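Data block below; observations after.
The values are calculated or read from the model by the stated rules, or taken from the named source; none is laboratory data. Note that the structure is predicted; figures quoted are calculated from it, not measured. With ideal geometry, Cβ positions are generated from the backbone for all residues, glycine too; neighbour counts draw on all protein chains shown.
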Amino acid sequence: MKVYKVPFDIKREEKIFGGYLSLRQVTYLMFTAASLGIFAFHIPTAIKIIIVMLFASFFLLCAFLRIGEQNFDRFFFYALKYLFRKKDYVYRRCNI
């Protein structure tokens, strides 16, 4: 029986939508499109545009931006976790 190596890349997500987009990216693109729903509310148009631009830019960054080897969404949540967790400071006396 012959043994064949199967190529498997664990550093990249599987592109299942048209060979270009992963499930995570499509989910963030749906959130981007859903952020347009703010236009249904009765608030001033300038505020609507600012809110939509903030949400849409955040979700687009989460979908496509990579920082180093990490996606932006994972990087962002790790940064929030670092900012809000309790930090222990240890004082050590320097022996000079």
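A few remarks follow.
- Residue in region 29-38 that is among the β-branched types (Val, Ile, Thr), in contact (Cβ under 8 Å) with a residue 24 or more places away in the chain and in contact with a Leu (Cβ under 7 Å, 6 or more places away or on another chain) present: yes
- Residue in region 47-58 that is surrounded by fewer than 16 Cβ atoms within 10 Å (Cβ to Cβ) and outside any helix (DSSP H, G or I) present: no
- Of the residues examined, Tyr78 is one that is among the hydroxyl-bearing types (Ser, Thr, Tyr) and either touching a His at 6+ places or on another chain (Cβ under 9 Å) or assigned to a helix (DSSP H, G or I) (or both).
- A count restricted to region 1-46 and to residues that are hydrophobic (A, V, I, L, M, F, W, C), at pLDDT 85 or above, over 20 Å from Asp73 (Cβ atoms) and assigned to a loop (DSSP other than H, G, I, E, B) stands at 2.
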